[in-house]
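The values are calculated or read from the model by the stated rules, or taken from the named source; none is laboratory data. Here the structure is a predicted model, which is why all the values come from computation and not from measurement. We place every Cβ from the backbone using ideal geometry, glycine too, and count neighbours over all the protein chains shown. These area figures cover heavy atoms from the full protein model, side chains too; ligands, DNA and RNA do not enter into them. Shrake-Rupley method; radii C 1.70, N 1.55, O 1.52, S 1.80 Å.
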Amino acid sequence: TTPARPEHDAGLQPVPWRRMAWVTWRQHRTALAGVAVLLGALAVYLWLAGLQIHHAFATACHPASSLACSINFSGRYGTTGIVVSVFLQVVPVLIGAFTGAPLLARELETGTYRFAWTQGIGRRRWVLAKLVLLAAAVTVSAGLFGLLLSWYYQPYFATSNQGLGLSEMTPFFPGLFDLHPATFAAWTLAAFATSALAGMLIRRVVPAIAATLAVYAGLAFAAGGILREHYLTPLVTGNPNVPASAWILSQWWTKGGATLSQSTLRQVFDSTFQQIAPVVNNGSQKTQAYYNVVQYLTKHGYTQWTRYQPGSRFWPSQWIEGGWLLTLSVLLIAATVWLVHRRAA
């Protein structure tokens with residue numbers, strides 16, 4: 001008899017993406033729940049504190065350049081805003097490290113990847129499902145959290161633009177620049193991608209987390225201290241009245257075309273200070289005396305040069321940083337997928 005044609009073996013079909021999404025959720029729901037708890041707790045605090053800050057700003061700052069705003073808002077809430085910004089700097093790397101490092105490192109460390117690769121999903125689809133789904137989850141969550149951060153810091157930016165002693169709270173300040181939706185989400189994604197690659201290379205969860213923290217710290221320092229000011233060509237002006245919203249990169253004095261050294265400039269300032277304002281009783285008088293000295297020196301042939309980024313370049317700089325971080329993250333994820341595909345079982 002003619003043998004019957006063998007029926008199509010359904011087991012040879014690749015596992016559907018929706019099933020792999022369910023498996024990814026089941027495996028990593030604890031990490032995602034931790035992210036939700038962390039961001040949720042921070043969101044509740046920022047919402048409650050932000051309501052109080054917005055109310056204080058609306059009450060005291062009419063207009064925002066008033067002395068009452070400087071005393072009742074800037075003096076009262078300025079330190080709080082700085083402390084919160086410092087704490088929030090570690091949130092992206094914590095999310096990325098503790099969700100990305102166990103993603104592959106735990107499978108490789110325990111050896112369970114050998115079983116996973118025999119279940120019809122295939123290495124590439126297996127790692128892509130894990131990376132893409134978790135990367136999308138943490139990035140979207142971080143972006144939404146960044147919207148809340150932007151709302152929280154709106155009063156600070158409004159008062160700093162008036163020069164009320166909150167110059168460190170300008171949007172370009174390194175502790176605040178990456179707390180906006182685009183950059184906060186991009187830094188979180190970069191931390192996740194770095195952690196996933198470290199887990200693939202090191203194959204141990206805890207060392208991969210440590211490596212992620214070190215790499216992230218170096219990358220953040222390079223971006224804030226070196227790269228960010230060069231996204232767009234800085235402007236240079238000899239006008240001493242630079243807008244309060246500008247990011248001042250450097251300043252120097254010249255006279256007759258020659259640049260004054262720091263020691264010479266200090267001597268000139270000290271002698272002029274003694275001449276114009278020999279007695280200073282408080283901070284406001286000292287600030288006013290400083291402006292008087294600057295005006296006096298300007299009238300006598302001295303020129304103060306300022307190299308700065310205007311406040312209008314804030315959002316273009318945001319998108320530039322978010323763009324290169326996104327590109328870096330895609331490259332890191334692609335490298336991770338390639339390594340998984342090349343690794344022998």
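The table below lists the values:
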item: Within the accessible area of segment 187-282 (1.4 Å probe), percent carbon and sulfur; result: 59 percent
item: Peptides ranked, highest mean first, by Cβ atoms within 10 Å: ranges 315-327, 140-152; result: 140-152, 315-327
item: Residues with amide H under 5 Å from that of TRP305, placed H, sequence gap 5 or more; result: TRP252, TRP253, THR254
item: Relative counts (whole %) of C-alpha pair distances in segment 207-262, using bins that are 10 Å wide; result: 17, 31, 27, 15, 8, 2
item: Rounded FRET efficiency, nearest 0.05, which uses the C-beta distance separating VAL44 from TRP324 and R0 of 35 Å; result: 0.60
